[in-house]
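Asker: One structure is given below, represented as structure tokens, and several questions about it will come after.
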Amino acid sequence: MAISNKLTVVFTFFYVGVFIYLILFLTVPAFQNMIIQSRQNLSGLTEGSNYIIALLIAFFICLIGNASVGFPIPYPFVIFSLSNSIFIRYSDPGLNLSEILLNGHFWLEILGIAIVGGLGSALGELVGYLIGIGAKKVASKTQSRTLNNVQGFGRLVLDHPKSMHLYIFIAAALPIPDDPLWIALGMSDKRINFPICILWAWLGKNVTTIFYVIFPILISLGFGATGIEVDDISSVITESLMLIITLAIMQFILSFNWEKYLNNRREKKKSR
């Protein structure tokens, strides 16, 4: 296992924290009301001229969420809440789901949140890249399983320079933590065209943020098909499960021994 014991404790702490949060939400009425009320207050930010504020919130929360290397910030929750407020606002006049989906202004507002959030997400990766530049100096002076493994993860991309931007796009487009990739790019001895990498990351991040902003629609479609009522309680539970899955994927990326995997691949190629 390439991940350090201390980092394993950190992930365990977050898992326990999410479960405690869910237990409190489901069993303590006062706590549940506080969470629901905070969500309702947030939903009004997209109305009228407040939409500009919503765009700024989307940009900065995604920027901070992607800049917080090793410390997961649930920015998808905020993006989900902003898009959900838009969805509710269009539902209030009595429009049904089909009418909302055919409304061009609705999609402009939804995609605006996604594109601005995607830009903030891509720019947030600058922090991981700068950390990688600093970590390269540390790795050259000391032995660290985590740093060596991050370098191994990055070689999966750097060993294929012609496909590097495609890999960056795919890593950004999937709802997985791609901090190890950007740290590895910073630790690389190869010359990296950072603006071009950010452009591809923005394109990929847009895929992720678009998924987050249409999530309220997907929930309405899915729950409506099964007859389950969509409310604040089911939304909070769904978001918490998303956070647990995100943490699990992040732990897998850091735990998988990429260095050993690459060495095995090289040995197989030599034996052919």
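What follows draws every value from the coordinates through simple rules; no lab data is involved. Everything numeric in this text was worked out from a predicted model, so none of it was measured. Here the Cβ positions follow ideal geometry from the backbone for every residue, glycine too, while neighbour counts run over all protein chains shown.
Asker: Sorted by packing (mean other beta-carbon atoms within 10 Å per residue), highest first, where do 181-187, 49-55 land?
Answerer: Per-residue mean Cβ counts within 10 Å order the peptides as 181-187, 49-55.
Asker: Sort 163-174, 199-210 by the packing proxy (mean of other Cβ within 10 Å over each peptide's residues), most packed first.
Answerer: 199-210, 163-174
Asker: If I take R0 = 45 Å and measure r between the Cβ atoms of Lys268 and Met34 in this structure, what FRET efficiency does the formula 1/(1 + (r/R0)^6) give, to the nearest 0.05?
Answerer: Calculated value: 0.20.
Asker: Order the peptides 96-105, 119-128 from the highest to the lowest mean number of other Cβ atoms within 10 Å of their residues.
Answerer: My ranking of the peptides, most packed first, is 119-128, 96-105.
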